[in-house]
Amino acid sequence: MTNGTNVRTLEDLNAADVDAFCGMLAGVFENAPWVATRTAHARPFATVEALHDALMATVRAAPADARIAFLCGHPELSPQAVTDPAMSAESRSEQAGLGLRALGADLDRCDAAIRAYREKFGFPFILCVRRHTAPSVLRTLEMRLGNDVAGEQMTALQEVAHITRLRLAERISGPGAPRVAGHLSTHVLDSAHGRPAAGVRVELLREGVPIVDDRTNEDGRVGAALIAGEPLRIGHYELRFHVGAYFAAASAIFADPPLFDVIPIRFAVAEPEGRYHIPLLVGPWTYTTYRGS
């Protein structure tokens with residue numbers, strides 16, 4: 001997964017001098033240029049995943065006080081933090097994409113939990129927010145408050161691994177790229193006529209917020225995917241299939257008005273890098289769905 005901006009190849013990285021190597025990786029690890037410096041000697045790397053593993057091994061091999069200082073170098077999670085000039089551009093973009101203000105009345109509860117977290121553990125709450133919705137962030141935060149200090153340090157480093165894997169995938173192209181993106185798709189099959197259902201309006205909502213509004217094509221699909229090329233944010237989703245208009249226009253007369261108007265399918269995503277295919281098999285009197293591949 002790359003964004004097409006300042007993307008370098010793994011071959012470039014392996015061949016660069018130490019300063020250039022560190023420059024290519026600047027910003028991947030938050031406020032920690034030493035991670036790249038201490039990893040440069042381990043080249044060459046056969047895959048991008050091997051590069052990421054080596055960078056994370058450098059962090060984990062650091063003395064305990066250095067690891068805590070590293071965790072403390074991460075920004076607080078906050079709606080106000082996205083305007084903080086001291087925050088890296090990467091963190092500002094990631095937090096802005098989360099949209100923490102979507103919590104509404106629960107925002108104060110989230111702020112209180114963030115303060116309690118720092119007080120208990122001594123470093124900011126670290127989470128790869130690109131893999132979560134705002135409600136999922138709050139659920140995860142409150143759950144992790146129950147961890148002990150040693151366990152939470154390990155969990156925080158696991159989240160750093162998720163964050164940096166995504167950032168690295170946008171910087172460095174090459175063999176063995178880490179898997180960082182999920183895939184969500186759907187299609188509609190007309191079981192009465194034994195064919196794909198074309199022209200059905202399909203809406204996709206995430207945590208109640210509309211993010212896709214389209215129609216099925218001649219294959220009964222909404223493009224190649226509803227979401228692709230990025231993690232599927234952990235949270236609750238809903239697909240709305242507007243089948244009433246489709247059956248009203250069908251060649252055979254079933255019922256006027258049709259029995260089904262809008263069919264909602266509510267489901268949850270728990271695997272941000274997973275593949276979710278949620279088809280609808282629908283007839284005038286029945287419908288079914290499942291998680292396919």
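The values are calculated or read from the model by the stated rules, or taken from the named source; none is laboratory data. Computed from a predicted structure; not experimentally measured. In this analysis, Cβ positions are derived from the backbone assuming ideal geometry, glycine residues included, and neighbour counts consider all displayed protein chains.
Just a few scattered comments:
- Summed over the range 138-162, the residues that are hydrophobic (A, V, I, L, M, F, W, C) and within 17 Å of Glu271 (Cβ to Cβ) give a count of 1.
- Selection from the range 197-220 of residues that are outside any strand (DSSP E or B), buried (at least 17 other Cβ atoms within 10 Å of the Cβ) and either touching a helix residue (DSSP H, G or I) at 6+ places or on another chain (Cβ under 8 Å) or of a type in the set (Ser, Thr, Tyr) (or both): Ala197, Val200, Glu207, Thr216
- Selection of first residues in the range 107-120 that are at pLDDT 95 or above and of second residues that are exposed (fewer than 13 other Cβ atoms within 10 Å of the Cβ) and in a helix (DSSP H, G or I), restricted to Cβ pairs under 6 Å at least 6 apart or on distinct chains, gives an empty result.
- Any pair with Cβ under 6 angstrom, 6 or more apart, that starts in the range 261-277 at a residue that is in contact (Cβ under 8 Å) with a residue 24 or more places away in the chain and on the phi < 0 side of the Ramachandran plot and ends at one that is among the hydrophobic types (A, V, I, L, M, F, W, C) and outside any strand (DSSP E or B): Ile263/Val243; Val269/Leu232; Pro272/Leu232
- Checked against the criterion of being modelled with pLDDT under 95 and either in the same structural domain as Ser136 (by TED's automatic domain parsing) or buried (at least 17 other Cβ atoms within 10 Å of the Cβ) (or both), the candidates Gly244, Gly194, Gly235, Gly223 yield just one match: Gly244.
- Here Leu98 passes the criteria (1) among the aliphatic types (A, V, I, L, M); (2) touching a residue at least 60 places away in the same chain (Cβ under 8 Å); (3) touching a helix residue (DSSP H, G or I) at 6+ places or on another chain (Cβ under 7 Å) except the one numbered (2).
- Taken together, Arg139, Arg167 contain a single residue that is closer than 20 Å to Phe29 by Cβ and either without any contact (Cβ under 8 Å) to a residue 24 or more places away in the chain or in the same structural domain as Glu49 (by TED's automatic domain parsing) (or both), which is Arg167.
- Applying the condition of being surrounded by fewer than 14 Cβ atoms within 10 Å (Cβ to Cβ) and part of a loop (DSSP other than H, G, I, E, B) to the range 138-152 and asking which residue is farthest from the chain's Cα centre (by Cα) yields Asp148.
- Number of the exception - Arg60 against (1) charged (D, E, K, R); (2) farther than 22 Å from Glu273 by Cα; (3) surrounded by 14 or more Cβ atoms within 10 Å (Cβ to Cβ); (4) in contact (Cβ under 8 Å) with a residue 60 or more places away in the chain: (3)
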